[in-house]
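Worksheet: one structure, shown below.
The values are calculated or read from the model by the stated rules, or taken from the named source; none is laboratory data. Because the structure is predicted, anything quoted here is derived from the model rather than measured. All Cβ positions, glycine included, derive from the backbone under ideal geometry; neighbour counts span all protein chains shown. Areas reflect the complete protein model, heavy atoms only, side chains present, ligands, DNA and RNA absent. Shrake-Rupley method; radii C 1.70, N 1.55, O 1.52, S 1.80 Å.
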Amino acid sequence: MRTIFIVFIITLLTTTVEAQQWNQYPYEPTGTDLTFPADEGYHPGEPVEWWYTVGHVTGDVTGTEYSYMLTYFYYPTLGVDGFRILNLANDATGEFFPETLPMNYSTLAQDHLEISAQGLLGGSEIWETQRDGNGDLIPFAYHIEASQANGSINMDYVAVKRPLIVNGTGLFNQGAEAYTYYYSQSRLDVVGTITFDGFTETVSGFGWIDRQWGSMNPSPTENGEEYEWFCVQLDNGMDFNIWNIFDENGLIPDTSTYNLVSIYQDETTDIHSHEFTFDRIEYSYLPDNSRVYSQKWHFILDDIDLEITTLYNNSEVSLPFRFYEGTTTITGTVGGNPVTGVGFAELLHHYDNPEMELTYPVEAGGWVGTNNITWNLLNPDGGREVYY
């Protein structure tokens, strides 16, 4: 395991990305320990690692807007190498099909991205870097094939932007004790086919890739901490990676290890900050009224003012633990200019109904004059503001 140095973020850090050719291998972003294609591959010795992608695609025949999320986890347990989550959604109707399966990996390349996965009940899936006619890797181009009970994806990816190095360094602390290596590929052109509930058509659109490895474990049972994470892709070309981590008391400490935004501004500039405003302004029960998730957020940083809203409230995954994962829409302004966009929300933190006790008046007839009602919130939550 590499020696970990804690990286503290100043109030607002703007990174000027060195003007180097990024769409070739090797690519080594300045100021980081990351190297491509090696850091697209598997990192032996790290406790947890995952490969995550989401896509927004449109059917060439029907014009239907679909979204999907695919993640491969390397986390050996119970005799398997890890597990895979594949969610498929029809964003026009709200139909949502999640599936989680234990997986073994016959291939996990260490010098580039190449995954061959086998489910315990059969079936093979791949996520690999594309190759040219000479067998050489095509930089930042990938092929994905994965299927589940209600459909499948067969997609080709080509990155159109350099990687967004989260925090500017790609290595930092998250939460109370964990460290993570982290980068995003915030815009990739996507073409291929999707099968959704028995119907197959060709599609095109765009995607996002997130890569993390280290001791950061997304399971809330591991460390008692939960998070809300968002990717945002705006029509002005800016992309955002936003996350908040809730501590064991349901609060969000005001430090860079518990909240961070990394922004791709343009080809030469990134912005990293934990001094942003992020208010939760709407919540929603699941259709079975069993759990509440936040569903709308207000993000402010300098001249950036955005509202992020989930498309549907039914996009919950039940395994390996319960969490929300679904499409969002974005409206707002940047520098006073209107913007729109789409994204994804991954919500491991859920909410309880507020429990309150009145401190005044404490009994019937106790109201005197013009005194205000006062009360205490017995189950405070840093992400759930309660107003009266």
Vicinal HN-Hα couplings computed from phi for the range 291-296 (Karplus, 6.51 cos²θ - 1.76 cosθ + 1.60; Hz; Gly/Pro x): 7, 10, 10, 5, 9, 8
So what is log10(I(q)/I(0)) for the range 25-72 at q = 0.31 1/Å, when the Debye sum runs over its Cα atoms only? -1.10
Would you please give the residues with an amide H less than 5 Å from that of Met103, counting only those at least 5 places away or on a separate chain, with H modeled from the backbone geometry? Asp81, Gly82, Phe83, Arg84
In whole Å, what is the distance between the alpha-carbon centres of the range 343-361 and the range 271-286? 14
Take the Cβ-Cβ distance between Gln130 and Asn379 as r, set R0 to 51 Å, and report the resulting FRET efficiency rounded to the nearest 0.05. 0.50
Hey, what's the chain come to in accessible area per residue, 1.4 Å probe, Å²? 43
Hey, quick one: spin label on Asp156, modelled 7 Å out along Cα-Cβ, who in the range 51-68 has an amide N within reach, i.e. under 19 Å? 55-61
Net length gained if the chain between Ala92 and Arg291 were fully extended (0.36 nm per residue, minus Cα distance): 69.2 nm
Inter-part distance where the range 80-102 and the range 152-229 are each reduced to a Cα centre, Å: 14
Can you compute the modelled spin-label distance between Thr35 and Thr340, with each label point 7 Å from Cα toward Cβ, in nm? 4.5
Would you mind telling me the share, in percent, of accessible area of the chain contributed by carbon and sulfur at probe 1.4 angstrom? 50
Taking Cα pairs under 8 Å and at least six residues apart, what relative contact order does the range 16-150 come out at, in percent? 18
Just how much of Lys296 is accessible, in Å², when a 1.4 Å probe is used and the result is rounded to the nearest 10? 40
Note: Asp302 to Thr255 extended length (0.36 nm per residue) minus current alpha-carbon separation gives 15.1 nm
Could you calculate the FRET efficiency of Thr107 with Met356 from 1/(1 + (r/R0)^6), where r is the beta carbon distance between them and R0 is 56 Å, rounded to 0.05? 0.55
Evaluate the distance, in nm, between pseudo-label points positioned 7 Å from the Cα of Ser204 and of Glu363 along their respective Cα→Cβ axes. 7.5
Segment Glu248-Thr277, length gained on full extension (0.36 nm per residue, minus Cα span): 8.3 nm
